[in-house]
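**Q** Encoded as structure tokens, here's the structure I'll be asking about.
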Amino acid sequence: MEAINFKKIMVATDGSPCSGLVAEKGIELARLSGGKVYAVYVVSTAYMAPINGDSFPLSVDPYWESIHEAWEKQGHEAVNSVKSLGEIKGINVEPVLLEGNPSEELIRYAEEGKMDIVVMGTLGKTGLNRLLLGSVAENLVRHSKVPVMVVRDKCDL
């Protein structure tokens, strides 16, 4: 049997407290296979639906610039946290900040970057919460041509 060799490991992070275990698993895969980690955060530019039901891009919102800056700051903190963990473990981590629909951008980056695997987390949302919020992990598992490892962490938010 041929050994699995992960040289390009994409760790998708959302900056949440639960994403630490995801980073640890991705960095451990890199350590075991001599690979490099790409820590990826997507600044969402998704649409909002106001009370009257008409949807509009966030960029029309008068507070968009400050919201966008806060999300970018969170994204930099998230990928730099993975990078710091990698430095402690002696693993090369490249921080990557993208913009757009999180599922679409993660799939695009993984495929265009020829990643060997995507490592990401899930909160395991079900029922109404999952229906309303969607699931980036589920979209990647269903639509990515790159293998996806979903790390389930039982952490309290």
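The values are calculated or read from the model by the stated rules, or taken from the named source; none is laboratory data. Since we're looking at a predicted model, the values are computed, not measured. Counting neighbours? That spans all protein chains shown, and the Cβs are built from the backbone with ideal geometry, glycine included. Areas reflect the complete protein model, heavy atoms only, side chains present, ligands, DNA and RNA absent. Shrake-Rupley method; radii C 1.70, N 1.55, O 1.52, S 1.80 Å.
**Q** So what's the gap between the Cα centers of the range 77-94 and the range 18-35, to the nearest angstrom?
**A** Here the two parts' Cα centres lie 10 Å apart.
**Q** Then there's this: Can you tell me the length gained on complete extension of the stretch Arg152 to His76, counting 0.36 nm per residue apart and subtracting the Cα distance?
**A** Working: separation 76, 0.36 × 76 = 27.36 nm, distance 2.32 nm.
In short, 25.0 nm is gained.
**Q** May I pose another question? Would you mind getting me the FRET efficiency between Glu99 and Leu21? Use the beta-carbon distance for r and R0 = 25 Å, nearest 0.05.
**A** Working: r = 26 Å, r/R0 = 1.03.
Working from the Cβ atoms, E equals 0.45.
**Q** Still on this structure, I have one more. Full extension from Val141 to Asn92: what is 0.36 nm times the residue separation minus their Cα-Cα distance, to one decimal in nm? Please report the intermediate quantities before stating the final value.
**A** Details: separation 49, 0.36 × 49 = 17.64 nm, distance 2.57 nm.
Full extension of this stretch gives 15.1 nm more.
**Q** Please work out how much accessible surface Ile4 shows to a 1.4 Å probe, ignoring ligands, DNA and RNA, in Å² rounded to 10.
**A** 130
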